[in-house]
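The values are calculated or read from the model by the stated rules, or taken from the named source; none is laboratory data. Note that the structure is a prediction, hence the values are computed from the model and not measured. Cβ placement follows ideal geometry from the backbone for every residue including glycine, while neighbour counts extend to all protein chains displayed. Surface areas here come from the heavy atoms of the whole protein model, side chains and all, with no ligands, DNA or RNA. Shrake-Rupley method; radii C 1.70, N 1.55, O 1.52, S 1.80 Å.
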Amino acid sequence: MCGIIGILERKNVAPMIRKSLKRLEYRGYDSVGVCTVHEGKLHIKKDKGKIDEIHARLNLDDLPGSVGIGHTRWATHGAPSQVNAHPHTDCSGTLALVHNGIIENFQELKNKLISRGHVFKSNTDTEVLVHLIEEEYKEGVPLEEAVRKAFQHVEGSYAVAVVSTKEPEKIVCVRKESPLVLGIGDGALYCASDIPAFLEYTRKAIILQDHDLAVLTRDGFRILSLKTGEPVEREVVTIDWTAEMASKGGYPHFMLKEIHEQPYALADTLRGREFYIGLISWLIENSKKVFLVAAGTSYHACLAGAYMLSRLAGVATIPVIASEFCEKYGDSVDSDTLVLAVSQSGETADTLNAVRYARKRGAKIASITNTLGSSITRYSQVYVLTQAGPEIGVAATKTFTTQLATFALISLKLAENLGNSAFDLRAIREELKAIPSLCEEVIRINEPRAQQLAKRYSTYENFYFLGRGISVATALEGALKLKEISYIHAEGYPAGESKHGPIALIQDNFPCVFVAPNDVTHPKIIGNIMEMKARGAKVISVIEEGDREVEELSNDTFIIPKGVSEVLTPILFVVPLQLFAYYCAVERGADPDKPRNLAKSVTVQ
Ligand code: M6R
């Protein structure tokens with residue numbers, strides 16, 4: 001996730017761009033860049049680091065000109081560095097471009113462009129875009145047409161803004177699967193990843209749709225179809241957010257915003273990175289012992305991951321809580337061991353400690369992390385980045401579902417390599433592609449229910465979250481979410497194990513949340529629900545649409561669209577539980593973004 005801004009004004013834009021980037025900094029903060037167009041030249045300052053420190057060093061405000069673009073980066077392709085920072089320029093120094101998103105076919109495009117003589121300066125996927133536009137930007141072709149033609153070759157997600165020295169009073173921007181909004185000011189126009197970037201300058205905005213191309217000039221703006229070049233109409237909306245709401249994209253809390261970002265985060269995570277997914281699955285296949293090591297929510301992803309690897313590929317792995325790893329399994333670690341460490345931050349001390357320990361004993365290290373350049377990436381022979389973007393709320397939400405999606409990709413790859421899966425792998429791959437839009441539907445269906453149920457249940461002090469099979473991971477995660485942000489005592493358990501002790505607590509009105517997909521565990525979980533119901537429990541269940549049997553046994557339900565394969569269920573079934581925890585915290589007057597005693601990254605052991 002990165003942040004982009006473009007401003008066309010009647011005064012110097014560089015200081016305005018810097019301020020806008022500051023408001024977009026939550027989207028990425030490893031590099032910054034600004035480009036203005038003035039007197040037939042591009043004026044660029046960019047570097048690795050945070051906006052304030054770069055501004056103190058380089059003075060971003062003194063770039064001349066009343067038209068410019070800016071970018072704040074969250075590295076995906078290419079490490080944070082001066083050359084990889086946006087804006088990127090073409091060979092002739094005519095065009096400059098900023099981008100948020102991922103270009104899936106960048107390597108193929110890059111090879112073609114190199115063979116046509118283009119010289120690349122960075123390791124980013126983005127740079128292909130500016131060279132592609134250069135190819136189309138011939139004498140007499142307006143910038144918007146060159147951009148439109150160039151993007152016919154591009155696969156992936158993008159929000160892009162481009163400027164040119166040949167048409168210095170114009171910004172062209174395009175959008176597909178990455179957010180982009182226009183701001184309509186008094187004699188000024190803006191484009192940005194997010195409304196807060198220009199809210200200080202205007203409250204009138206247009207939310208661009210996928211495949212929109214917008215042309216901003218002194219005469220106003222035009223929106224065209226990226227596919228056909230035909231004009232399209234978009235509504236102008238007036239934004240009435242407070243400054244605080246604006247910093248959270250209009251949501252009252254980062255956690256809610258991040259829950260809503262999951263469809264995008266999943267879509268970005270599911271594209272690309274096949275090479276690294278392949279390497280990790282190869283390492284799993286070629287190691288005698290495989291430990292999946294993590295803490296908290298990331299550990300729950302490992303529990304589900306172990307299940308996916310076993311069911312799809314028939315490979316047994318051992319999920320371990322990082323702080324227990326050395327004592328429990330330390331002696332068995334050797335050069336035939338693979339530690340696959342999972343950490344959103346890549347900085348969790350317990351996980352790093354386990355990794356360092358395993359490295360010393362000769363184990364191979366692989367990781368799944370959301371943070372490029374984090375310590376865990378430096379210790380790993382290979383790592384896969386989830387593409388969730390920065391997660392500011394302390395409670396992990398979008399990083400959990402993107403970790404699950406990554407495990408699904410690894411498991412599928414491994415199963416395909418081994419060639420002995422009992423599952424229709426191709427069908428599961430197809431389903432995985434639909435997961436982002438299903439996730440959107442899950443949020444739409446269940447958010448009002450979560451609000452309602454939070455009103456009904458947030459005064460209770462104890463909860464069980466129960467599931468079987470892969471849904472144990474979902475249940476544990478649901479319980480962790482509720483307890484960490486609403487301070488309600490919640491325990492997650494394998495439902496089958498609940499009769500070996502936990503059931504003793506059940507009496508009238510004790511709330512039990514059952515994660516009950518229509519998978520192989522369905523008949524057995526019905527028995528578990530009945531056991532609890534018979535003792536007076538209130539049953540809240542997360543079920544598939546049309547599951548009348550469990551619905552009739554439940555006091556309340558969350559509904560998930562039908563027909564998702566067992567191994568993918570946690571990605572969708574956890575979402576209502578995130579929403580439920582969030583609304584319970586709000587009902588109880590707790591701040592879901594900053595739960596007491598917790599930090600986003602736990603760097604002590
Ligand atoms: O950054 P990590 O994934 O290594 O963090 C591990 C845990 O501290 C983290 O998942 C924690 O449990 C979450 N904040 C819970 O929502």
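Sorting the segments 528-539, 72-83 by their mean number of nearby beta carbons within 10 angstrom, highest to lowest, gives 72-83, 528-539.
Distance from the Cα centroid of the range 1-35 to that of the range 504-575 is 47 Å (rounded to whole angstrom).
Using a 1.4 angstrom probe on heavy atoms only, work out the carbon and sulfur share of the accessible area of the range 1-89 in %.
49
Computed on the chain, with alpha-carbon pairs under 8 angstrom and 6+ residues apart, the relative contact order is 11 percent.
Decide, for the chain, between rounded, prolate and oblate: order the square roots of the alpha carbon gyration tensor eigenvalues as a ≥ b ≥ c, take rounded if a/c falls under 1.5, and otherwise choose prolate if a/b is larger than b/c, else oblate. Note, shape of the chain comes out prolate.
This model, with +1 at the C-beta of Lys and Arg and -1 at the C-beta of Asp and Glu, gives the range 403-511 a dipole about its Cα centre of some 80 debye.
In this structure the range 54-152 gives 36 Å² per residue of accessible area when probed at 1.4 Å with all protein chains present.
Of all beta bridges that DSSP places with both ends in the range 10-74, some 100 percent have antiparallel geometry. Sequence-ordered 3J(HN,Hα) estimates for the range 544-550 from the Karplus curve with 6.51, -1.76 and 1.60 and θ = phi - 60° stand at 7, 3, x, 7, 4, 4, 6 Hz, glycine and proline given as x. Annotation for the range 319-333 versus the range 213-267: alpha-carbon center distance of 46 Å. Less than 5 angstrom separates the built amide H of residue 185 from those of 190, all sequence-distant by 5 or more or on a different chain.
Would you please name the trypsin sites (Lys or Arg not before Pro) within the range 272-326 that are DSSP coil residues with at most 11 other C-beta atoms within 10 Å of their C-beta?
The qualifying sites are 288.
Structural descriptor for the range 437-529: relative contact order 31 percent, calculated from alpha carbon pairs under 8 angstrom and at least 6 residues apart. Taking the C-alpha atoms only, the angle from helix 14-24 to the longest principal axis of the chain is near 10 degrees. Highest mean first, the peptides 332-340, 15-23, 291-299 sorted by other C-beta atoms within 10 Å per residue fall in the order 291-299, 15-23, 332-340.
The angle between the Cα long axis of helix 106-115 and the main principal axis of the chain comes to about 30°, on a 0 to 90 degree scale.
The long axis of helix 425-457 is offset from the longest Cα principal axis of the chain by roughly 80 degrees. Rounded to the nearest Hz, the phi-derived 3J(HN,Hα) couplings of the range 200-216 under the Karplus curve 6.51 cos²θ - 1.76 cosθ + 1.60 (θ = phi - 60°) are 5, 9, 7, 10, 9, 9, 10, 8, 6, 9, 4, 6, 8, 10, 10, 10, 10, where x marks glycine and proline. Roughly how far apart, in whole Å, are the Cα centres of the range 447-486 and the range 65-99? The distance from the Cα centre of the range 447-486 to that of the range 65-99 comes to 43 Å.
Ranked by the mean number of other Cβ atoms within 10 Å per residue, highest first, peptides 569-576, 59-66, 107-114 order as 569-576, 59-66, 107-114. Pairs over the 22 Å Cα-Cα cut-off, from the set 45/600; 11/170; 19/600; 110/176; 50/110: 45/600; 19/600; 50/110. With the convex hull of its Cα atoms as the shape, the range 1-78 has an orientation-averaged projected area of 4.8 nm². Each Lys and Arg adds +1 at its Cβ and each Asp and Glu adds -1 at its Cβ; summed about the Cα centre, the chain shows a dipole of about 1040 debye.
Over the chain, dividing the summed -39,500 (n - 2.57) contributions of all DSSP H runs of at least 4 residues by the number of residues returns a 222 nm mean residue ellipticity of -12000 deg cm²/dmol.
The calculated FRET efficiency for residue 135 paired with residue 58, based on their beta-carbon distance and R0 = 25 Å, is about 0.20. Backbone phi angles across the range 527-533, fed through the Karplus curve with coefficients 6.51, -1.76 and 1.60 (θ = phi - 60°), yield HN-Hα couplings of x, 5, 5, 4, 4, 6, 4 Hz in residue order; Gly and Pro are listed as x. By the Kirkwood approach, averaging reciprocal distances over each pair of separate Cα atoms, the range 477-601 gets a hydrodynamic radius of 15.3 Å.
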